[in-house]
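**Student:** Encoded as structure tokens, here's the structure I'll be asking about.
The values are calculated or read from the model by the stated rules, or taken from the named source; none is laboratory data. Keep in mind the model is a prediction, meaning the values are calculated, not measured. Every residue, glycine as well, gets a Cβ built from its backbone with ideal geometry; the counts of neighbours run over all protein chains shown.
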Amino acid sequence: MKILLYNPDNGVTRNFMPHLWMFLLQSLTPKEHEVVLIDGNAKAMSEAELVEFCRKENIELVGIGAMTRMVARAYKFADALRDAGIKVVMGGPHVTECPDEALGKDGGRRHADAIALGEADDTWALLVNDAARGELKEIYQPQTDAKGNDLKPSLQPYPHIPWETLDLEQFSLVPKFMRSTLSKMGAGWGKFFVVPIETGRGCPYGCEFCTVTGFFGDSIRFRTNQSVVEELLRLKERAKKERGQIAVFFIDDNLAINIKRVKSLLKDIIAAKAQLPWVAQISANLLKDEELVDLIHESGGKWIFIGMESIDPANMADVNKNFSKPGDYQAVLERLAKRNIYAITSFIFGMDNDTVGVADRTLEQVNSWQPGLPVFGQLTPFPATPLYTRLEKAGRLTRPKHWLEFAQFVMAHKPLKMTIDEARAEVIHAWASSYSPKRNAEALEAIKDAPIEYRIGHLVARFFFRGIYFPQMNKRAWIKLLMQNRRAIFSLTKEGVSTWRAAKKRPKGRLADATQ
Ligand code: B12
Ligand code: SF4
């Protein structure tokens with residue numbers, strides 16, 4: 001049987017990284033079946049085009065995964081495929097949280113022939129074999145323990161994802177029109193991929209707005225260090241062979257949740273020389289450990305995603321995230337910056353204690369810290385979260401099924417001290433001023449003593465991050481952005497060229513010393 005795994009785009013931006021679930025399920029598919037992957041973020045297709053593709057390729061089963069945010073688009077694609085007589089199975093967090101919706105048992109249209117609830121590692125092969133025999137069941141669910149809780153798949157052993165041979169072309173982050181110029185500049189910048197790797201699953205913290213504790217559970221499961229290191233080595237080999245750049249996103253919700261384990265993992269990565277540039281999510285409370293931050297640096301860590309959420313401790317208490325202290329943020333960022341590691345700092349507006357002006361108050365602090373890449377969103381009640389239940393009970397949900405009418409930055413409940421429109425304006429203002437040419441120049445000035453390659457990396461990362469929320473998909477948009485930031489680009493290029501020339505003139509021995 002030929003299977004397509006499909007991830008819809010989110011209708012607003014392009015994801016910078018492929019979704020791990022597709023590669024994972026592909027690796028877990030019984031060998032007699034063939035699996036094709038399409039990520040709508042990388043390869044835009046209309047519903048009709050996808051149906052046409054499936055007909056031409058004789059696809060018999062389509063697996064669609066979606067977060068809440070893109071589930072309405074996922075349903076549209078699923079409907080078109082089912083109308084054409086192609087079987088559809090859906091899985092992922094949203095379907096797990098709202099199973100009746102996908103199966104049309106809530107009064108709406110049915111979108112899927114079958115759904116896979118929760119983690120599908122142990123159910124996928126069974127589902128595929130049932131489908132091949134024409135005996136697809138409606139619901140696939142992990143086995144449960146005596147208390148009725150899902151038995152979570154162990155990550156030991158972990159499936160082999162053949163990164164060394166997978167076709168990643170659709171995911172290169174370098175815009176097509178820049179590829180040939182950049183490839184001439186050396187260091188493999190003609191191609192750049194960010195690859196998702198998980199080293200563990202689960203988070204015990206239970207923040208009120210988050211679906212992770214409910215979905216993956218509060219006990220954490222880890223892969224062996226050896227299996228992670230082996231995966232990194234294969235990726236490193238591929239980057240070398242293809243003369244491209246590969247970075248890794250460790251997608252664990254909190255890579256350092258077990259300090260002893262993460263230190264041993266990072267030490268093993270260093271010992272095996274398996275370093276690739278990496279990004280990971282780590283909460284601020286765990287970044288106080290100097291040895292950990294040293295190991296992050298030595299093992300290739302470049303950017304750390306920190307869910308800071310709010311600079312107001314009252315808001316942090318409201319969402320059960322008291323363990324993260326806004327008063328610590330500045331010191332954490334300084335500790336990272338000393339090792340030339342920068343932070344992606346995430347903030348949420350529209351919390352119950354927020355008032356108009358929250359963006360400027362937050363930016364005033366953010367801009368006084370070591371520069372990072374701030375990202376902003378509005379508080380969103382995702383289904384099956386404690387936040388959703390609290391707001392529902394209080395009758396505060398204005399759009400209880402907000403995912404069926406996705407609207408960027410529009411809250412689905414009324415915040416206590418501001419309006420929904422005001423919250424949206426705050427988010428947009430925060431994005432616009434954080435990535436303005438003026439702010440980009442200020443950020444570079446603040447790190448003027450860092451090595452040139454870090455500053456170039458910082459500016460390039462700013463361009464890509466701006467693109468997360470401001471459409472920046474075509475050549476015109478990129479040229480406009482480069483023109484707006486021409487001063488910063490010109491001055492970095494000038495300095496880069498003279499550093500390169502000076503390095504070339506240096507006697508060989510000294511050059512080697514300088515690069516060690
Ligand atoms: C990496 C990541 C991202 C990446 C992008 C996704 C990517 N390219 O990988 C980035 C950083 C860009 C991102 C952004 C956002 N994310 Co995010 N992200 C994650 C994260 C940390 C890991 C995802 C992952 O790969 N998990 C590991 C895989 C193995 O798990 P999985 O995807 O759930 O897949 C398993 C099952 O669900 C199932 N399955 C999944 N799909 C399918 C499909 C089929 C057919 C079948 C059978 C089974 C199946 O099988 C898999 C194996 O068991 C998750 C949290 C988490 N731990 O999952 C949040 C998470 C998915 N993100 C979330 C959110 C809210 C967002 C944002 C909206 C945040 C924001 N406010 O901006 C944005 C929106 C993204 C967008 N572009 O629109 C929520 C989604 C909640 C929900 N109900 O939808 C999560 C769960 C985190 C949370 N705090 O609750 N995210
Ligand atoms: S927001 Fe982060 S720390 Fe809080 S429960 Fe979710 S994954 Fe855990």
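**Student:** Can you tell me which residue in segment 285-304 is nearest to residue 341 (Cα to Cα), limited to those that are surrounded by 22 or more Cβ atoms within 10 Å (Cβ to Cβ) and within 15 Å of ligand 2 (Cβ to nearest atom)?
**Tutor:** Checked segment 285-304; the qualifying residue nearest to residue 341 (Cα to Cα) is 304.
**Student:** Of the conditions (1) without any contact (Cβ under 8 Å) to a residue 60 or more places away in the chain; (2) of a type in the set (Asp, Glu); (3) within 16 Å of ligand 2 (Cβ to nearest atom), residue 208 fails just one. Which one is it?
**Tutor:** Condition not satisfied by residue 208: (1).
**Student:** Looking at (1) touching a residue at least 60 places away in the same chain (Cβ under 8 Å); (2) within 26 Å of residue 468 (Cα to Cα); (3) not small (Gly, Ala, Ser), which one does residue 47 not meet, given that it meets all the others?
**Tutor:** That leaves (1) as the condition not met.
**Student:** Sticking with this one: Note down all Cβ pairs under 8 Å where the first residue falls in segment 377-388 and is closer than 23 Å to residue 468 by Cβ, the second is within 12 Å of ligand 2 (Cβ to nearest atom) and polar (S, T, N, Q), and they're at least six residues apart or on different chains.
**Tutor:** 377/346; 382/211; 385/211
**Student:** Moving on to the next point. Within segment 103-125, can you find the residues that are touching a residue at least 60 places away in the same chain (Cβ under 8 Å) and either in contact with a strand residue (DSSP E or B) (Cβ under 6 Å, 6 or more places away or on another chain) or within 12 Å of residue 152 (Cα to Cα) (or both)?
**Tutor:** Start the filter on segment 103-125 by keeping residues that are touching a residue at least 60 places away in the same chain (Cβ under 8 Å), which leaves 118-121, 124-125.
Within segment 103-125, 118, 119, 120, 121 qualify.
**Student:** Kindly indicate whether any position in segment 322-337 is among the hydroxyl-bearing types (Ser, Thr, Tyr) and assigned to a helix (DSSP H, G or I).
**Tutor:** Applying the first criterion (among the hydroxyl-bearing types (Ser, Thr, Tyr)) to segment 322-337 yields 324, 329.
From what is left, the residues that are assigned to a helix (DSSP H, G or I) are 329.
Yes: segment 322-337 contains one or more residues that are among the hydroxyl-bearing types (Ser, Thr, Tyr) and assigned to a helix (DSSP H, G or I).
**Student:** Where residues in segment 447-490 are aliphatic (A, V, I, L, M) and assigned to a loop (DSSP other than H, G, I, E, B), which of them is surrounded by the fewest Cβ atoms within 10 Å (Cβ to Cβ)? Walk me through it before giving the result.
**Tutor:** The initial filter retains those residues of segment 447-490 that are aliphatic (A, V, I, L, M), namely 447, 450, 452, 456, 459-461, 468, 473, 477, 479, 481-483, 488-489.
Next, only the ones that are assigned to a loop (DSSP other than H, G, I, E, B) stay: 447, 450, 473.
Working: 447: 16, 450: 15, 473: 12.
Checking each candidate, the answer is 473.
**Student:** Taking residue 363 as the residue in question, decide whether it is surrounded by 16 or more Cβ atoms within 10 Å (Cβ to Cβ), of a type outside the set (Gly, Ala, Ser), at pLDDT 95 or above and out of contact with any Gly (no Cβ under 9 Å at 6 or more places or on another chain). Lay out the reasoning, then the answer.
**Tutor:** On the way: surrounded by 16 or more Cβ atoms within 10 Å (Cβ to Cβ): yes; of a type outside the set (Gly, Ala, Ser): yes; at pLDDT 95 or above: yes; out of contact with any Gly (no Cβ under 9 Å at 6 or more places or on another chain): yes.
Yes: the conditions hold for residue 363.
**Student:** Being among the hydrophobic types (A, V, I, L, M, F, W, C) and away from ligand 1 (no atom under 15 Å from the Cβ) narrows it down to one of 51, 71, 62, so name that one.
**Tutor:** 51
**Student:** Quick one: would you say residue 254 is out of contact with any strand residue (DSSP E or B) (no Cβ under 9 Å at 6 or more places or on another chain) and either closer than 25 Å to residue 338 by Cα or touching a residue at least 24 places away in the same chain (Cβ under 8 Å) (or both)?
**Tutor:** On the way: out of contact with any strand residue (DSSP E or B) (no Cβ under 9 Å at 6 or more places or on another chain): no; either closer than 25 Å to residue 338 by Cα or touching a residue at least 24 places away in the same chain (Cβ under 8 Å) (or both): yes.
Answer is no for this residue.
**Student:** Collect the residues in segment 202-258 that are among the charged types (D, E, K, R), surrounded by 20 or more Cβ atoms within 10 Å (Cβ to Cβ) and within 19 Å of residue 285 (Cα to Cα), keeping them in residue-number order. Give the derivation first.
**Tutor:** Pass one, segment 202-258, residues among the charged types (D, E, K, R): 208, 218, 221, 223, 230-231, 234, 236-238, 240-243, 252-253.
With surrounded by 20 or more Cβ atoms within 10 Å (Cβ to Cβ) added as a condition, the list becomes 223, 231, 252-253.
Matches in segment 202-258: 252, 253.
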